[in-house]
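Heads up, the thing below is written out as structure tokens.
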Amino acid sequence: MLIQLARSLVTALAATALVVAPALAQDITGAGATFPAPIYSSWGEDYAKAGGSRLNYQALGSGAGVTQIINRTVDFGASDSPVAPERLEKEQLLQFPAVIGAVVVIVNVPGVDGTKIKLTGNVLGEIYVGRIRLWDDPKITALNPALKLPKIPISPAYRADSSGTTSIFTKYLSSVSPLFKERTGAGNSVAWRTGLGAPGNAGVAAAVKNIKGGIGYVEFAYAAENGMQALQLANGSGKFVTPTVPGFLQAAEQADWDNAKNMAATMLNMPGDNSWPIVSATYILVPRNPKDPARTQSVLKYVDWSFRNGAATADRLHYIMLPTAVQNRVRAQWATLAPAGKPLWPAN
Amino acid sequence: MSTPATPAIGARKIHPADTTFRLSLHAAGAVVVIVLLSILAIMFMGGKLAFDTFGLGFIWGTEWNPVTQIYGALPAITGTLVTAILALCIAWPIGFGIAFFLTETCPEKLRTPLGVAIELLAAVPSIVYGMWGFFVLAPFMSEYVQPWLTSTFLWIPPIGDSFFWFTAPPIGVGMLTAALILAVMILPFIAATTRDVLLSTPQLLKDGAYAMGATRWEALTGVVIPAVRGSLFGAVFLGLGRALGETMAVVFVIGNAIRMPDSLMAPSATIASVVANNFPEAEPGTLDLAVLLALGFILFVVSFGVLAVARLLLRQERMS
């Protein structure tokens, strides 16, 4: 109990401070995942300029976001991983995807152009459990007959901090490499069998840059903003693809939205000519039984406005908008929100 | 005690202010104890779930797996102790050298600037050490130091078939790099404390040694060190205590691998770094949070033990 208190003190400090501030009474408050924080905040600024409510988003981490929306201390929570259906049910939450992110793999192999290197998910998984230890391993050279790969050790880098990026990456590896699934598994932080951990995207990127033979995974937005080059991976059709925005969109369109529970459709290892295999949505959570329905409605208005007007900002910040068809599915989900019999969507 | 009978204190009238003052001093002293004990108690209560789940095996379990929810603290404990002790082995001789230089052979003009420089070293924020270690020291280690160490010490036989001393891929970060950063960080503490201890050596003893024709080295080893031996150990243990708990700098350079190390240069993790990395996403009521608090409890106990030893050594010195 005391621990819980101390914890929520630490995590909620910023959020509460904002709720208390007088002029911000009708502001939208949100908390959670760090990955979408820049785009949520930028959309929030644009939305306020266009006459909408102001947004205060606290990037406290996905775990904290889920906890805070369960405690109803914010208007919406944000999580990189979908929340389990039973938990959504129990806590009376509606979950929907808001924006798409992708994870790319960066390398530092002396004398070799990283963008030319091709790997399959299975080989990548074996690298990350330490089964494949050298860059000139036959399994790697077989995929890259045209490249002269040196005989140097592979140093896999991973996120030291608990992270949604790690969750997406390990989910992907677990789905394509049985060995990785058995030895490591998926989660925000996992038991890595080899390699080194560095703090944040910046840490992983610097570790790969520093270490000859390094390999690491970072968010696409981070790689794009820093002009980093990523290698090619095989997708669900067995095609080697370079990470590109059309490739992420294609993966999102391929996802099985019809059968996705709580809109948590997997976009990993999708087939297609360009589909990048490590793509995932990040989610927003709103209460189905809000104390103040108007506040939840203003969250929906903000997201709707961003869906319609936020593409340029998303492009500038290297995030990927949901495909229009998926946006409409999200709006259809909102229409099921009807506290006290009054539907919150469409808002008038 | 041959002093004449003291006047009976009880006979004097005690001013109410005296009582108030005395009580408030007691209260001030009690605050420290209460805070310490409640931190310890809260850590233990929060970590109880971990001790209940894994028993004492939590302390020597070698597997740390958030996916299967199996947690053992030994990798983090090992990383903590190895980096701290290694840091001490590096910082102690240098710190002692600085202290002796400052008190004995340093020209008067240099004494103050050097002293200030050492104190400045203590004032650098630990995050700065971490970033410097990560962006400057780690590439240097990986490029020059580690390959040299590997090829030079290849002859040292491994411990069993799992620990190879200096044979490891040169990735720059790891226990050795962390120990170097920690050594720089604790150096000012060791140097300053040692200097104070050396300064406290009675001048009479030193003069006596020099009068006998002793060289500086002979005076140091034969007279000064024996006279203050215990305090010197105390100074070292204070440095060790700091090295055990350092967090931010270590997170950057240790490589954050929660598994048993296979060499001195292998990436590892310390208790403090594991807690710092995983605390933000650990949810209340889960085993994930409980193991972190249990780790904190273990670190608390280890640090407390180290400081207790330091106190004991310092006190022995004063009494003898």
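The values are calculated or read from the model by the stated rules, or taken from the named source; none is laboratory data. Given the structure is predicted, the values throughout are model-derived calculations rather than measurements. Cβ sites come from the backbone with ideal geometry, for glycine too, and all protein chains shown count toward neighbours. Heavy atoms of the whole protein, side chains included, go into the accessibility calculation; ligands, DNA and RNA do not. Shrake-Rupley method; radii C 1.70, N 1.55, O 1.52, S 1.80 Å.
Yes or no, residue by residue, for (1) of a type in the set (G, A, S); (2) open to solvent by 20 Å² or more (accessible area, probe 1.4 Å); (3) under 18 Å from the mean Cα position of the chain (by Cα):
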position	(1), (2), (3)
A:A294	yes, yes, no
A:Q297	no, yes, no
A:A314	yes, no, yes
A:L322	no, no, yes
A:R329	no, yes, no
A:Q333	no, yes, no
A:A340	yes, yes, no
A:P343	no, yes, no
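To keep it simple, each residue is scored yes or no on (1) at positive phi; (2) in a strand (DSSP E or B); (3) among the aliphatic types (A, V, I, L, M).
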| residue | (1), (2), (3) |
| --- | --- |
| A:V286 | no, yes, yes |
| A:Q297 | no, no, no |
| A:V303 | no, no, yes |
| A:A325 | no, no, yes |
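Are any residues in segment B:218-243 open to solvent by 20 Å² or more (accessible area, probe 1.4 Å) and farther than 21 Å from B:C89 by Cα, and if so, which ones?
B:E218, B:G222, B:V223, B:A227, listed by residue number.
Give, as residue ranges, the strands (runs of 3 or more DSSP E) completely inside segment A:182-245 that count at least 2 residues that are closer than 22 Å to B:G133 by Cα.
Counting at least 2 such residues, we get A:196-198, A:214-219.
I want to confirm something. Restricting to segment A:144-193 and keeping residues that are free of Cβ contacts under 8 Å to residues at least 24 places away in the same chain and within 16 Å of the chain's Cα centre (by Cα), which single residue is least open to solvent (accessible area, probe 1.4 Å)?
Across segment A:144-193, the extreme among qualifying residues is A:T170.
Being more than 14 Å from chain A (Cβ to nearest Cβ) and farther than 30 Å from A:S162 by Cβ is true for just one of B:A308, B:A243. Which residue is that?
B:A308
Check off (1) open to solvent by less than 30 Å² (accessible area, probe 1.4 Å); (2) facing chain B (nearest Cβ under 10 Å) for A:I69 and give me the number that stays unchecked.
(2)
Any chance you could count how many residues in segment B:62-89 are buried (at least 17 other Cβ atoms within 10 Å of the Cβ), in contact with a strand residue (DSSP E or B) (Cβ under 9 Å, 6 or more places away or on another chain) and not in a helix (DSSP H, G or I)?
5
Among the candidates B:D207, B:D196, which residue alone is open to solvent by 60 Å² or more (accessible area, probe 1.4 Å), modelled with pLDDT of 85 or more, of a type outside the set (A, V, I, L, M) and within 22 Å of the chain's Cα centre (by Cα)?
None of the other options fit; the residue is B:D196.
Starting from residues that are over 19 Å from A:S275 (Cβ atoms) and more than 14 Å from chain B (Cβ to nearest Cβ), keep the ones in segment A:212-223 and report whichever is surrounded by the most Cβ atoms within 10 Å (Cβ to Cβ).
Ranking the candidates gives A:V218 first.
Residues of segment B:258-275 being open to solvent by 10 Å² or more (accessible area, probe 1.4 Å), within 9 Å of chain A (Cβ to nearest Cβ) and either under 18 Å from the mean Cα position of the chain (by Cα) or under 22 Å from B:P147 (Cα atoms) (or both), which ones?
B:P267
Determine which single condition B:F135 fails, assuming it passes every other condition in (1) open to solvent by less than 70 Å² (accessible area, probe 1.4 Å); (2) over 19 Å from the mean Cα position of the chain (by Cα).
Going through the list (1) open to solvent by less than 70 Å² (accessible area, probe 1.4 Å); (2) over 19 Å from the mean Cα position of the chain (by Cα), B:F135 breaks only (1).
Conditions (1) under 16 Å from the mean Cα position of the chain (by Cα); (2) within 20 Å of A:L119 (Cβ to Cβ); (3) modelled with pLDDT of 95 or more; (4) in the same structural domain as A:P150 (by TED's automatic domain parsing), marked per residue:
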position	(1), (2), (3), (4)
A:L233	no, yes, yes, yes
A:V241	no, yes, yes, yes
A:P246	no, no, no, yes
A:L249	yes, no, no, yes
A:M263	yes, no, no, yes
A:G272	no, yes, no, yes
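Could you pull out the residue among A:N188, A:N226 that is farther than 13 Å from A:V103 by Cα and more than 14 Å from every other protein chain (Cβ to nearest Cβ)?
Being farther than 13 Å from A:V103 by Cα and more than 14 Å from every other protein chain (Cβ to nearest Cβ) holds for just one of A:N188, A:N226, which is A:N226.
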